[in-house]
Amino acid sequence: MKFFLDTADLAEIEEACSWGVVAGVTTNPTLYARIGGKLADFNDHIRRICALVDGPVSAEATGAERADIIAQGRELAALAANVTVKVPTTIEGLAATKVLAAEGIDTNLTLCFSVPQALLAARAGARYISPFVGRFDDISEDGISQLDDVVSALENYDFGHPVEVIAASIRSANHVTQAALIGADIATVPFGVLKKLVSHPLTDRGLESFAADWQKVVNA
């Protein structure tokens, strides 16, 4: 499984990339606004992220109509070679994806909640498909089960181009574990969740024991 960091924070991206585990980044104007960013500066910020990341950077097209999504997608793709355009899984999004894919622009179809949506996204030319696991949990439904259905369905077919499933809206280490067991290609996680994935109580205890044993050697 690959890990995409879900953030607009450059410091978080730099730190996580230094661990050697980040394969890409997903971001959007909302995440940028949370760190004090202004919409007028969003494109420049995407360029800065792309310069830090050795992998795809999913930047969101905010238009609702296909013409707007296509225009924004072209603008975003022109910012850097590793930009992937995030597009909603809607009729207008599918139509835009068809055009962008034909132009060689990678797309990430987001807000995907069903197998039919995922199949349609793949047929339209999506490079990545993002079922939102956590959003199902928010309404007391099983997001992992939905993700499993999407992964299984897409594996049945050859779409004529690479398609990877991103387990999106990940909220916990358990989500990551289950997504990996299912066979999702990628998990997109906030920085806080990524840090938690590294931690385990037994690791901490082992470090404490090692330090105590080493101190005995030093004092001998």
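The values are calculated or read from the model by the stated rules, or taken from the named source; none is laboratory data. Everything quoted here is computed from the prediction, not taken from an experiment. Positions of Cβ are generated from backbone atoms using ideal geometry, with glycine treated the same way; all protein chains shown enter the neighbour counts.
For residues that are basic (Lys, Arg) and under 20 Å from residue 132 (Cβ atoms), tally how many sit in region 180-214.
Matching residues across region 180-214 total 1.
Of all the residues that make up region 98-116, how many are under 26 Å from residue 8 (Cβ atoms) and not in a loop (DSSP other than H, G, I, E, B)?
Qualifying residue count, region 98-116: 8.
Test of understanding: among 114, 130, 140, which residue is more than 21 Å from residue 28 (Cα to Cα), of a type outside the set (A, V, I, L, M) and within 18 Å of the chain's Cα centre (by Cα)?
Among 114, 130, 140, only 114 is more than 21 Å from residue 28 (Cα to Cα), of a type outside the set (A, V, I, L, M) and within 18 Å of the chain's Cα centre (by Cα).
I need a count of the residues in region 9-51 that are within 20 Å of residue 129 (Cα to Cα) and either small (Gly, Ala, Ser) or in contact with a Cys (Cβ under 8 Å, 6 or more places away or on another chain) (or both).
2
Residue by residue, here is whether (1) of a type in the set (Val, Ile, Thr); (2) touching a residue at least 24 places away in the same chain (Cβ under 8 Å); (3) more than 23 Å from residue 164 (Cα to Cα) holds:
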site	(1), (2), (3)
20	no, no, no
24	no, yes, no
46	yes, yes, no
83	yes, yes, no
103	no, yes, no
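Could you grab me the full set of residues in region 156-174 that are in contact (Cβ under 8 Å) with a residue 24 or more places away in the chain and either within 30 Å of residue 104 (Cβ to Cβ) or over 17 Å from the mean Cα position of the chain (by Cα) (or both)?
Once the filter is applied, which keeps residues that are in contact (Cβ under 8 Å) with a residue 24 or more places away in the chain and either within 30 Å of residue 104 (Cβ to Cβ) or over 17 Å from the mean Cα position of the chain (by Cα) (or both), region 156-174 yields 157, 159, 161, 162, 163, 164, 165, 166, 167, 168, 169, 170.
Do we find a residue being in contact (Cβ under 8 Å) with a residue 60 or more places away in the chain, within 19 Å of residue 163 (Cβ to Cβ) and among the aromatic types (Phe, Trp, Tyr) anywhere in region 123-131?
Within region 123-131 (the criterion being in contact (Cβ under 8 Å) with a residue 60 or more places away in the chain, within 19 Å of residue 163 (Cβ to Cβ) and among the aromatic types (Phe, Trp, Tyr)), the answer is yes, since at least one residue qualifies.
How many residues does region 26-44 hold that are in contact with a Pro (Cβ under 9 Å, 6 or more places away or on another chain) and free of Cβ contacts under 8 Å to residues at least 12 places away in the same chain?
Of the residues in region 26-44, 1 are in contact with a Pro (Cβ under 9 Å, 6 or more places away or on another chain) and free of Cβ contacts under 8 Å to residues at least 12 places away in the same chain.
What are the pairs with Cβ atoms under 6 angstrom where one residue, in region 190-214, is on the phi > 0 side of the Ramachandran plot and the other, located anywhere, is at pLDDT 80 or above and part of a helix (DSSP H, G or I)? Sequence gap at least six, or different chains.
none
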